[in-house]
Structure formats: structure tokens, C-alpha cells
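As C-alpha cells, the structure follows; a few thoughts come after it.
The values are calculated or read from the model by the stated rules, or taken from the named source; none is laboratory data. Keep in mind the model is a prediction, meaning the values are calculated, not measured. Positions of Cβ are backbone-derived with ideal geometry, glycine not excepted, and every protein chain shown enters the neighbour counts. Just the protein is used for accessible areas: all its heavy atoms, side chains included, with ligands, DNA and RNA removed. Shrake-Rupley method; radii C 1.70, N 1.55, O 1.52, S 1.80 Å.
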Amino acid sequence: MSEIARQVRSRRQQWAAPGGRHDRVVAIAQMALPVATGVLAAFLVTAPLTRVGDVSFVLDKNRVAVAKERLRISKASYRGEDAKGQPFELQAGSAIQKSSTVPIVQLRDLAAKITLADGPATLRANHGSYDMDSDKIAIQGPVEFRGAGGYSLDTRNAVVNLKTRKLESGGAVQGTTPLGTFSADHMQANLADHTVTLNGNARLRIVPKRANRQP
Amino acid sequence: AHDSGAPIDFSAAHIELQDKAKQAILSGDVVVKQANMTLDAARMTVHYTGQIIGGSPQISRLDAAGGVTVVRPGQRASAQYAVYDLNSRVVTLLGNVRLQQGSNTLNGGRAHINLDSGLATMDGSAVGNGSGTTRQQNGRVTGTFSAPKRNP
């Protein structure tokens with residue numbers, strides 16, 4: 001056999017000889033491995049008992065943020081034309097349409113700008129639901145209409161028809177116009193020519209000029 | 001005296017406010033109250049001037065028609081038509097006017113009640129529009145007065 005072979009064999013013989021490196025590794029393993037398996041077994045036995053939180057989770061449909069409405073716009077602006085072709089613009093802080101089948105858009109702090117014969121007019125309200133088919137806004141709560149020439153009409157809970165420029169109260173109504181404050185069972189106002197028609201025990205209070213003495 | 005600047009309360013079955021025409025039309029047993037004066041009529045038109053000074057409209061005239069009664073402390077008048085002019089503060093009554101003041105009554109064609117002095121002047125000139133006005137003995141004024149009894 002060659003010299004190298006003899007050297008290689010002897011190195012392997014030293015490695016395998018008793019008290020060599022291999023024996024030390026086996027001695028350590030002989031003691032360490034059983035201890036490791038015991039510790040692992042102990043951990044596996046006690047682990048489920050000491051578990052703190054619910055580790056598993058289920059994706060809950062209600063708690064996940066599902067967009068309920070079909071359309072949500074903030075700072076919405078809608079432009080249209082009325083029967084006579086005069087433009088109107090409807091702006092709202094937020095506009096929500098529940099579903100595509102229902103053409104009703106819920107508006108919040110809305111302002112409608114209408115151009116009338118005698119000039120631009122604005123109509124403001126906090127809540128309104130705008131029916132896109134009939135161009136009507138059903139307003140809940142206060143309604144403020146400011147026309148040209150200082151004309152004003154403040155009332156509550158009215159339906160505004162943007163096509164015919166008419167405003168109608170749902171039921172009993174109060175309001176003020178430049179002439180005075182009124183209340184009635186039903187009210188219809190024509191925003192174009194500034195007329196208010198009150199029906200059903202109508203009341204009107206006018207406070208004329210204090211000293212009405214004209215020469 | 002009557003304060004024509006006091007707030008006026010109207011109540012009626014129907015009211016139409018016409019801002020451009022500067023008037024309001026009331027119909028259906030109209031009752032108007034101002035201070036201590038009450039005016040009832042079947043129909044009424046309120047005229048006001050355009051300028052809104054300090055937020056209060058300048059009411060110029062109330063035209064009442066159809067069974068008008070005017071009730072003031074100590075005075076009660078009824079007629080077919082009445083015109084209450086707020087500027088001159090006179091209520092003019094037309095068409096078989098009947099005026100009761102205290103226990104005295106006066107009938108005639110026309111009457112003017114001056115709200116400042118409370119003075120009512122009556123004249124017999126019949127209202128010229130023909131239909132519905134009865135001639136009071138060709139325009140005379142009739143009246144019954146009752147003198148208080150002198151206790152002896």
C-alpha cells in the first residue's frame with residue numbers, strides 16, 4: 001500500500017480508536033439526546049394548558065368594513081337643467097346612494113344654486129334626499145332659500161322640485177319671508193316668482209315700520 | 001290712540017304672499033288683529049311698499065271686502081268694504097255702514113274712523129258701484145242716540 005494510504009488509514013484508525021474524538025462525540029450525544037427528548041416531551045405535554053389567547057381567528061363578515069352603499073361621494077356636485085333649460089347645480093358635503101336600483105341620493109349639508117329670471121338663487125339645507133329621476137329633493141329639517149333682491153324664505157321639511165322651481169311643505173309649516181312670519185297646514189312656494197301660497201288655518205304676522213308716519 | 005306700528009296678526013283659510021307684486025291676498029274668514037283693533041272680513045289684500053327698512057316691511061294699506069266688521073274699544077262698525085290706510089291711520093268703511101259707539105248707532109253710506117283721535121265721521125254718499133249696495137234713504141245718515149237718564 002502506498003505511504004499516503006497508510007497515513008490515511010492511521011488517521012481513520014486514530015479517529016476510531018477508543019478515547020478518540022468520535023468516542024467523545026458519542027458520549028456527549030448519549031447523554032444529551034435523551035435529555036433533549038425529555039424536555040421536548042414535557043413542553044409538548046404542558047404547552048396546550050398554558051396557552052393564553054385564542055390563537056385561531058375567523059374572518060367575521062359583520063366586523064369587516066364592508067361598503068354598504070353603492071356610491072359615496074364627498075364634496076359632491078351635480079349639474080342639471082330645469083324645464084326651461086336654466087342650469088341648476090347641487091352641491092353637498094357628502095352624497096350617498098344606497099343601491100343602484102334606488103335612484104335616491106342622501107345628501108348632507110347641501111346647497112342648490114338655481115338661476116332664476118331675476119338672478120341666481122341659492123337653497124340650503126342640512127339633510128335631503130335627492131331623487132335623480134324626478135329631480136326632487138325631500139328635505140328634512142331647516143330649509144333656507146335666498147333669492148335675488150333680498151327675497152328670503154326659511155321653512156322646514158319641504159320638498160323642492162328643481163324642474164318646476166316649486167317648493168312644497170310636507171305638512172304643517174312655519175317660515176319667514178320679507179313680509180313676515182307665516183304658519184299654515186300646507187304651503188307651496190313658487191321660487192321663480194317669489195309667491196308663497198298657504199292653505200289651512202294660515203297665520204301671518206307682519207311687524208310694520210315702527211313710526212309709520214309718512215308726510 | 002291706536003298704534004299703527006304694532007305687529008299685525010292675520011289669520012285666514014288661505015293666504016297668498018306675492019312678493020313681486022308687494023301684496024298679500026287673504027281669503028276665507030280673515031281675522032286681523034293689531035293692538036286692540038280687530039278687523040274681520042271675507043277677503044283682504046295687504047299692500048306694502050317695496051323697501052324693507054330695518055327688516056320691517058312698510059305696510060301701506062289693507063283692503064277688506066265682504067262683511068267687514070271693525071271692533072275697537074268703545075267702537076264697533078260693520079260695512080261691505082273697508083280700507084285701513086296705515087300711513088294716514090284712517091279706516092274708511094263703505095257700503096251700508098253701521099257704526100255703534102257706546103249705546104249710539106249710526107247708519108250711512110260711508111264712514112271714516114280716525115284712529116288717532118278715535119273720531120268717526122259718517123256721510124251718506126252711497127258707494128257708487130251699484131251692485132249690492134242699498135241706498136240709505138238716498139244718501140242720508142240715520143242714527144239713534146240714547147241720552148243717559150238724569151237721576152233726579
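Descriptive notes on the structure:
- Test: residue in region A:118-130 that is farther than 17 Å from A:Ser77 by Cα, within 14 Å of chain B (Cβ to nearest Cβ) and touching a residue at least 40 places away in the same chain (Cβ under 8 Å): no
- Within region A:170-203, the set of residues being over 25 Å from A:Ala148 (Cβ atoms) and open to solvent by 20 Å² or more (accessible area, probe 1.4 Å) comprises A:Gly170, A:Gly171, A:Ala172, A:Ser183, A:Asp185, A:His186, A:Asn199, A:Gly200, A:Asn201, A:Arg203.
- B:Gln100 being at pLDDT below 90, assigned to a strand (DSSP E or B), surrounded by fewer than 19 Cβ atoms within 10 Å (Cβ to Cβ) and away from chain A (no Cβ under 14 Å): yes
- Residue count, region B:1-49 (criterion: part of a strand (DSSP E or B), open to solvent by 50 Å² or more (accessible area, probe 1.4 Å) and facing chain A (nearest Cβ under 8 Å)): 3
- Of all the listed residues (A:Gly20, A:Gly80, A:Gly85, A:Gly93), the sole one being loosely packed, with under 12 Cβ neighbours inside 10 Å and among the small types (Gly, Ala, Ser) is A:Gly85.
- Options A:Asp109, A:Asp131, A:Asp135, A:Asp154: the member that is acidic (Asp, Glu) and either under 30 Å from B:Pro57 (Cβ atoms) or not assigned by TED's automatic domain parsing to the domain that holds A:His186 (or both): A:Asp154
- Tabulated pairs, region B:59-80, first within 14 Å of chain A (Cβ to nearest Cβ) and over 21 Å from B:Gly102 (Cα atoms), second surrounded by fewer than 24 Cβ atoms within 10 Å (Cβ to Cβ) and of a type in the set (Asp, Glu), C-beta under 8 angstrom, 6+ apart or interchain: B:Ser60/B:Asp85; B:Arg61/B:Asp85
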